[in-house]
Structure formats: structure tokens, C-alpha cells
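Report on the structure given below.
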Amino acid sequence: MDRKKIKTATLFVVVAAVTLCTLLFVFYLQGKGREDPPVLSGISNVWKSVTSAPAPLATHDPFSDKIVDQLQRFYGQTIADKSVQASILAIRDFVLGLHPENGKNYFYGILMRAFPEYADEIMETLNKLDQYNLWLAENKDRLVKMTASNRLAAMWEKRKDLFGKDAEKIWSGELLASEARQAKVQDTLAELSQARDMSIDRKLDVYRRTLREAYDGTPESFVLNQGPLLSKVFFSIDSVQEDLNKMSPEQRQQEINRLRAQMGFTERQVESMAKRDADNAGRWDAGLKYMEKRETVVQQYEGQEREDRLKALRSEYFGDEANTIALEEKDDFYRFKRPHVWGRN
């Protein structure tokens, strides 16, 4: 695909500061009310978490070693280029999604290993990109109402405000190609979601082929090795869930096991996941019963008595996890109001 086509394909993509794969798919799924409690609470919090370069952790483990190797292999000769630094955004976000507690330090440690002379400069470039993405998100409604030319002018004005003369370099290279790859995967997910006449095996083939075509041979190719994550995304597709919902519980688990085996999981891994599925089913049964009794308590009681009864109810159904449920409800998040997504939660 030439540069002009890449620009056309990605012009209207609002690139939130989300992970390449984890939060990319979360963005797709959140509109369907299916996501687990968010790993990162919104774009602004992602930005705040990376606005300064912290003291790096001692980052030496197989995953970080792989990221360091990928960064050096793909970017080692060109990392001084601002456009190249900007293209690392997707990898940075992926790391943050996998390490929500210490992702900032963890990623900075990776940069210090890969490019010690440029680590701080890269962080500054990515921070500015976060500001730009936050601006896009906050102004999405206004931008959509503009004409194409006015929208593009507004976007370029903001880009140049943040990056000056480097703006044109940044938005003409790998960053646009990375956005195009993300858009390709998102488009496929949207199409598969509506593919009700397609067999579930065909859906899996299309999904896996799209991932390979999008990421194989790219700096983000390590995403292809994130089997558990990618399988959860597949099972979250609407039409896949509809197929599974038509089956009996026994047939459904057999089908999920079969699909996981096709995705490359070992027999032992499939068995372990099936046990987790059974545990999840038990949790959902308990959760739905809790929600029914909770609604009765809310309707019949008020004030402190209501709170005391809800506390006792949470303790009865969730044990040590009762406090977590209470905190979620304080934030108006009710996990058992979401659909039960077979093979995922």
C-alpha cells in the first residue's frame, strides 16, 4: 500500500492512547458492554501515567527481552528520527496494558536497555502523542461535524502546536502504517461480528489470517504470540457468541475446547482453560442470584440498614472478594449486569 492510500485509510481513525492489542480490542468491545473492569481508567489516566520518565525498573525477563530485541532490530538504525520514536506508541501502550501497576517504569526500563541515549527523548515524544490523542478524544464530536478539509486543518494545527516542524515527519511514516494495521483488525472484527451466515471455523480462519497479515514481519509481531488474549478477543465477537449460545452447555464447552486447540493451545492448556470456564460459570450463577437478592434489598430498605444488608449479602456470595464488589458498585460498575461471554469471563 502506498503512502497516499495509507493516509486515506487512516485519516478518520481516532487513535486513543490505548494498547496495540489489549486496549485496541477493548475499544471495540466496550461499545457492546462486554469489557471486564478496565485495566486503565480512560485515556486521560493513560496520559497521566506516562507524563514523566521515572526511574526504570531492572527489566530482565523473557517478555521484556523480546521487546528490546524487536525495538533494536526494527528501529536500531533510525531511532533518532521523531517519526520512528512516535511509531513506538503502540508497543508502549501494549506494555502498559499488560503491566497496569508498574507499566510506566517497566517500559522506561525497556527503553533504557534498547536505546539508553534516546530513552528520555522517546518518552517526551510519546507524551506529546498522548496529549494529541487525548485532544482527539475530547474533540471527537466537534471534528466529526466538520468538513473533511476543515477537520484535517484542525488536526494539523494541533499536531504542529505539539510537534512543530516534526509533525509532518511523524504523520508520514511508520505511525500511519501502524494505525492502518490497527484499523484493518478493527474492520475485520466489525465484519465478523455481523457474519451470521459464516461458519465458526471460517470466522476463526479469517480472524487468524487478518492478524497474521496485519502484524507478521512488523515491529508489533510479538502480538501474534499472545494466545490467551487473542482467543478472548475471538470469543467476544458477537456472531461467535450467538453460535455458542445455540448449543447445550456440554456442546458449547466441547466447541470452545476444539476452537482453542485449533488456536494452538496444548491439550493441558485446553483442560486448564475448561476448568476456569467451569469456575466462571459457577461465579456467574452466584452473581446472578446475588443481583436478584440485591435488587430486593434496594427496593425494601434504605439508609444504613440497606448498606448493612448489602454488605452481608456480598459477604455471603463473594467471601474475600466482597470488598472488591463493593468498590465496583461504588463506581456504578456491576459486573453481573454484563453478558456472560462464553470462553472469556
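The values are calculated or read from the model by the stated rules, or taken from the named source; none is laboratory data. As the structure is a prediction and not an experimental result, all values here were calculated from the model. As a convention, Cβ positions derive from the backbone with ideal geometry for all residues, glycine included, and neighbour counts pool all protein chains shown. Just so you know, the surface numbers come from the protein's heavy atoms only, side chains and all, with ligands and any DNA or RNA stripped out. Shrake-Rupley method; radii C 1.70, N 1.55, O 1.52, S 1.80 Å.
So here's what we get for this one:
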quantity	calculated
Tabulated pairs, the stretch 307-325, first within 15 Å of M291 (Cα to Cα), second among the hydroxyl-bearing types (S, T, Y), C-beta under 6 angstrom, 6+ apart or interchain	R309/Y301; Y317/Y290; A322/S315
The stretch 202-220 residues that are without any contact (Cβ under 8 Å) to a residue 60 or more places away in the chain and of a type in the set (K, R), paired with ones that are open to solvent by 10 Å² or more (accessible area, probe 1.4 Å) and not in a helix (DSSP H, G or I) (beta carbon under 7 Å, 6 or more apart)	K203/A195
Residue check, D279 within 19 Å of L230 (Cα to Cα) and either of a type outside the set (K, R) or modelled with pLDDT under 95 (or both)	no
Residues that are part of a helix (DSSP H, G or I) and under 18 Å from the mean Cα position of the chain (by Cα), drawn from the stretch 213-231	A214, Y215, S221, F222, V223, L224, N225, G227, P228, L229, L230, S231
Residue that is surrounded by the most Cβ atoms within 10 Å (Cβ to Cβ), among those in the stretch 242-271 that are over 15 Å from R344 (Cβ atoms) and of a type in the set (S, T, N, Q)	Q269
Those helices (runs of 4 or more DSSP H) lying entirely in the stretch 64-169 with at least 3 residues touching a Ser or Thr at 6+ places or on another chain (Cβ under 9 Å) and open to solvent by 60 Å² or more (accessible area, probe 1.4 Å)	103-114
From K140, K184, K165, K169, residue being out of contact with any Leu (no Cβ under 9 Å at 6 or more places or on another chain), without any contact (Cβ under 8 Å) to a residue 12 or more places away in the chain and more than 16 Å from S236 (Cα to Cα)	K165
